[in-house]
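Asker: Provided herewith is a single structure, encoded as structure tokens, for subsequent inquiry.
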There are 2 protein chains.
Amino acid sequence: MAKRITNNIRRLRFDADEMTQQMLADVVGVSRQTIVAIEKGKYSPSLEVAFKIAEYFNVPLEVVFQYQ
Amino acid sequence: MAKRITNNIRRLRFDADEMTQQMLADVVGVSRQTIVAIEKGKYSPSLEVAFKIAEYFNVPLEVVFQYQ
DNA sequence: ACATCATGTCAAAAATTTTATACATGACTT
DNA sequence: AAGTCATGTATAAAATTTTTGACATGATGT
């Protein structure tokens, strides 16, 4: 029953002209390690970082992150 | 220019039959202080807590939290 | 007046997220 | 073969979120 948070960051990055982790980290204002950890699902990010990522890709937050 | 995260938790609580902070904290699985802090905007919650709150109220995350 | 309840606040500890460094690997280029 | 680039991993420190416990206030009820 324990729901998990998944994400499509990797796919969104590749759709966005093969953007690198470092580029995304820079535009979002976090370290590359943070992007790596979130992509790999090591932990779920803060709501603020989540919103920033969604804003950058120009999609609703739920397109980037799913709670299922 | 710095965007902020706002929320409608208080209104959603009252719409939900005047639910108390403690009741929401219990169903979401956090402490009442966490609800107080988020409601008052002391800090933005983790994405997981945000999703749990939205799930409880049965609305999309963006109905509870706005990035503006 | 007294008790109860919901909310607000405060402070310190615990837990989690984020950063900073460093190093390893495979893919690609020259 | 050597160099560069993107990614993965690891660890400790820093920053932020969350908990715990305690106390104050105003509103409500008895």
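Asker: Taking B:ILE38 as the residue in question, decide whether it is open to solvent by less than 40 Å² (accessible area, probe 1.4 Å), within 14 Å of DNA strand C (Cβ to nearest atom), in contact (Cβ under 8 Å) with a residue 24 or more places away in the chain and aliphatic (A, V, I, L, M).
Answerer: It is true that B:ILE38 is open to solvent by less than 40 Å² (accessible area, probe 1.4 Å), within 14 Å of DNA strand C (Cβ to nearest atom), in contact (Cβ under 8 Å) with a residue 24 or more places away in the chain and aliphatic (A, V, I, L, M).
Asker: Follow-up question, since we're still on this one. Give just the number: which of (1) in contact (Cβ under 8 Å) with a residue 60 or more places away in the chain; (2) surrounded by fewer than 16 Cβ atoms within 10 Å (Cβ to Cβ); (3) touching a Lys or Arg at 6+ places or on another chain (Cβ under 6 Å) does B:GLN66 not satisfy?
Answerer: Evaluating B:GLN66 over (1) in contact (Cβ under 8 Å) with a residue 60 or more places away in the chain; (2) surrounded by fewer than 16 Cβ atoms within 10 Å (Cβ to Cβ); (3) touching a Lys or Arg at 6+ places or on another chain (Cβ under 6 Å) leaves (3) as the failure.
Asker: Out of all the residues in the stretch A:46-60, which are open to solvent by 20 Å² or more (accessible area, probe 1.4 Å) and over 9 Å from the mean Cα position of the chain (by Cα)?
Answerer: Residues satisfying the conditions are A:SER46, A:GLU48, A:GLU55, A:TYR56, A:PHE57, A:ASN58, A:VAL59, A:PRO60.
The values are calculated or read from the model by the stated rules, or taken from the named source; none is laboratory data. Keep in mind it's a predicted model, so treat the numbers as computed, not measured. Neighbour counts are summed over all protein chains in view; Cβ atoms, including those assigned to glycine, are modelled from backbone coordinates with ideal geometry. Each accessible area value is taken on the protein alone, full model and side chains, heavy atoms only, with ligands, DNA and RNA left out. Shrake-Rupley method; radii C 1.70, N 1.55, O 1.52, S 1.80 Å.
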